[in-house]
Amino acid sequence: MRRLIFILNFIFSPLIFAQNGESSKIYEKEYYELLNYVPKNLKNDSIHKLDSPFLKDKLNTIGSLKLYNGFRQDLKLSDKDKKWLDKRIEEIASELFLDGKRILIKSVGGYSGCPDKMIDTFKLKDIEITNLKICNSCTRSNNDKNFIQLFNNKMYSLMKIQPKN
């Protein structure tokens, strides 16, 4: 009997102490909802006629802007389109702020891989901030640098907080 209990305990202990899969799914759902969130008052910029045929999608979420900005060099965007894209990144940050979403973006991944939890929160100057992590491969880690810097700088200025070093 003692041996049976020991064997059952040995088999089921890892299952008991393993990470709760449901909590991972909750974080994953929250992450993708935020990545694909369209700010309520965001207006389509129909005045600007973009030169690039690739920028015809609605660039109205963090995810869509991150994707296009990451391929900025590959798409050979005109200077006019680059300026519009930079302005759009700041506009998305502003609209998210107005919707009550305090978000800072961080690049993770590379050689070490990406963490299991891609979203978390922290407090800075008594403001609860969502830390949205963007996973990158080794070779494309610099592609999002401009996007993250523009977005975070705008968000920091709206929150009236000095960026961390």
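Overview of values
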item	result
Near pairs, Cβ below 7 angstrom, 6+ apart or cross-chain, from the range 94-108 (of a type in the set (G, A, S)) to any residue that is buried (at least 18 other Cβ atoms within 10 Å of the Cβ)	S94/K154; S107/I134; S107/N136; S107/D144; S107/I148
Criterion violated by G113 - all others in (1) touching a Ser or Thr at 6+ places or on another chain (Cβ under 6 Å); (2) farther than 23 Å from V38 by Cα satisfied	(1)
Selection from the range 49-68 of residues that are assigned to a loop (DSSP other than H, G, I, E, B) and modelled with pLDDT under 80	K49, L50, D51, S52, D57, K58
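The values are calculated or read from the model by the stated rules, or taken from the named source; none is laboratory data. Computed from a prediction, not measured in an experiment: that's the story for all the values here. Cβ coordinates were reconstructed from backbone atoms using ideal geometry, including for glycine residues, and neighbour counts include every protein chain displayed.
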